[in-house]
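Trainee: Before I ask anything, let me first share the structure, which is written out below as structure tokens.
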Amino acid sequence: MLLAIDTSTGTSVAVVDRERGVLAVRTSADTRGHAELIGTFIEAVLDEARVVPVRLEAVAVGMGPGPFTGLRVGIAAARVFALGIARPVLPVVSHDAVAFGQQDGVLVVTDARRRELAWSRYAAPSSDGLPRRLAGPALVLAADIDPIAAEPGYRRIDAATIDAGALGRLALALRDAGAETGPAEPVYLRAPDVTLSVPKRVSS
């Protein structure tokens, strides 16, 4: 059983069990309220599932693609929570959670803001049911998505939010299969708006 968190689009938090599936989930499509919602959502799902944190075996977290500000809220929350209960963090590509459970080839698309879209292309799953990503995550102008979406053999899925329940089920499936979960670093696709300035050298 684990706690799953994703803030790559809106905010989604879930408690997921191997045998019983998704025990509790909270999701908001608000793309700006991650910091205000994340703590409340974690408390709510644990309470609804009647789970004390020490019973969790891990914390799964969506690593994007997503905007810098929102994505780092969920990743920071997952890492701090996992550290507090001495459990591992299982990173998962957020688009993989959307493709998980689909039986055909799909193109997963999420809003990256600034008139851009993030996309990933998946083949039909193999016998183990795990997603097979063929391309992406990548960034494209919303006006230029049509040629990508027009490639035959792939059904387009526009995901307004990433369901933490699906992300948690995928994290458990990957862990049980002995497969790698996801990247250690977030998938931002673009540089953050604020960067550290380089200090001027002072000559003598």
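Throughout, read-outs are computed from the coordinates displayed, never taken from laboratory work. Note that the coordinates shown come from a computational prediction; the quantities given were computed from them, not determined experimentally. Cβ placement follows ideal geometry from the backbone for every residue including glycine, while neighbour counts extend to all protein chains displayed.
Trainee: Fewest Cβ neighbours within 10 Å first, please rank T69, T7, T110 accordingly.
Mentor: T69, T110, T7
Trainee: Per DSSP helix of 4 or more residues, -39500 (n - 2.57); summed, then divided by the residues of the chain. What does that give at 222 nm, rounded to the nearest 500? Please report the intermediate quantities before stating the final value.
Mentor: Details: 5 runs with 57 residues, N = 204.
So the helix-based figure for the chain works out to -8500 deg cm²/dmol.
Trainee: Could you work out which residue, out of T31, T40, T11, moves most in a Gaussian network model of the chain, that is, has the largest mean-square fluctuation with Cα springs under 10 Å?
Mentor: T40
Trainee: Could you give each residue of region 126-133 its phi-based ³J(HN,Hα) in whole Hz, using Karplus coefficients 6.51, -1.76, 1.60 with θ = phi - 60°, and x for Gly or Pro?
Mentor: These are the phi-based 3J(HN,Hα) values: 7, 4, 7, x, 7, x, 10, 7 Hz.
Trainee: Kindly provide the pair-distance distribution of region 101-168 built from C-alpha pairs, with 10 Å bins from 0 and whole-percent values in order of increasing distance.
Mentor: The distribution over region 101-168 is 20, 53, 24, 3, given as percents.
Trainee: Would you kindly calculate the mean projected area, averaged across all directions, of the convex hull enclosing the Cα atoms of region 75-132, in square nanometres? Please report the intermediate quantities before stating the final value.
Mentor: On the way: hull surface 21.2 nm².
Projected area, direction-averaged: 5.3 nm².
Trainee: Multiply the residue gap between E151 and D104 by 0.36 nm, knock off their C-alpha separation, and tell me the result in nm, one decimal place.
Mentor: Full extension of this stretch gives 15.5 nm more.
Trainee: Let me ask something else. Non-local amide H neighbours of V61 (under 5 Å, H modeled in plane, Pro and chain starts lacking H): which ones?
Mentor: Under 5 Å from the amide H of V61 lie the amide H atoms of I5, L90, V92, each far enough along the sequence or on another chain.
Trainee: Here's another thing I want to ask about it. Looking at the chain as a GNM with Cα springs under 10 Å, which of P88, P147, P137 has the largest mean-square fluctuation?
Mentor: P147
Trainee: Taking amide H positions as placed in the peptide plane 1.01 Å from N, state which residues far from I157 in sequence (5 or more) or on other chains have amide H under 5 Å from it.
Mentor: Amide H to amide H, under 5 Å and 5 or more residues apart or across chains, I157 pairs with L107, V108, V109.
Trainee: If the elastic network links every pair of Cα atoms under 10 Å, which of Y188, Y122, Y154 fluctuates the most in the Gaussian network model of the chain?
Mentor: The residue with the greatest mean-square fluctuation here is Y154.
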